[in-house]
């Protein structure tokens, strides 16, 4: 049994499936598929692994292979090699369900991890996505709450019952992100938010092989954008905001 999978309730892996982009045209929903960036290809592969692991009709060999590959993907996540949106998904389907098997679960530890990924991800989105891309990340991906999944109410209750402990966990997570950025300890492509937005949608509608990316913010603006990410994350993960 792989070192990570030994702790996992395999049914939790059924929650993430690859879905194509949807566009609205003349009152109808049209499914379109834009060219995939490398991180999106990797995410689709991860979801395919999870689907096989949770498939009771898969052969023992298929499941063993998928579990081996998924274990390697979790190791890559722990090394910081996956984008924040991928990491949020893995928090939801693996790390948080695993933590809730502990008695009692360390919700503050998980909230700290979520806050770190949220800060890194929103900082990336402010730098490399346009307004439509950021809206898609927040609304379609449910980026800030994606990690909570079936345990959303547990996190909300913790933030309500233990506001000081929750605030301390979020503050620590934000600082973890700041420390990684300051040390240039970023092992993933921070341009991943450019995969979202109207430019990518228009590209998909035209069946183009390559897509234009939004214009990134100048590096001189980055410190202020990190402060904005800090403020958004710090204010979001509170009992009256985390929804």
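Read the figures in this text as sums done on the coordinates, not as results from a lab. Note that this is a predicted model, so its numbers are computed, not measured. Neighbour counts run over all protein chains shown; Cβ positions are idealised from the backbone, glycine included.
Grab the beta carbon distance between residue 68 and residue 161, set R0 = 51 Å, and tell me the FRET efficiency rounded to 0.05.
The value I calculate is 0.80.
Using the 10 angstrom Cβ neighbour count as an exposure proxy, how do 107, 186, 53 rank, fewest first?
Sorted ascending by nearby Cβ count, the order is 186, 107, 53.
Based on the Cβ-Cβ distance of residue 56 and residue 215, what FRET efficiency does E = 1/(1 + (r/R0)^6) give at R0 = 41 Å, to the nearest 0.05?
0.30
Among 157-163, 169-175, what's the highest-first ranking by average C-beta atoms within 10 angstrom per residue?
169-175, 157-163
Report the dimensions of the range 18-236 along its three principal axes from the alpha-carbon atoms, largest first, rounded to Å.
Principal extents (Cα only, largest first): 53, 51, 37 Å.
Sorted by packing (mean other beta-carbon atoms within 10 Å per residue), highest first, where do 232-239, 217-224 land?
Top to bottom by mean Cβ count within 10 Å: 232-239, 217-224.
Gain in length, residue 198 to residue 172, computed as 0.36 nm per residue apart minus the alpha-carbon separation, to one decimal in nm?
Contour length minus Cα-Cα distance gives 5.9 nm.
In nm, what is the difference between 0.36 nm times the number of residues separating residue 180 and residue 238 and their Cα-Cα distance?
Taking 0.36 nm per residue and subtracting the Cα distance, the gain is 18.5 nm.
Please state, as a whole number in µm²/s, the translational diffusion coefficient that the Stokes-Einstein equation yields for the range 148-209 at 37 °C and 0.692 mPa s, with Rh defined as the Kirkwood radius across alpha carbon pairs.
For these conditions, the coefficient is 214 µm²/s.
If I stretch the segment between residue 206 and residue 102 completely, what's the gain in nm (0.36 nm per residue apart, minus their alpha carbon distance), one decimal?
32.5 nm
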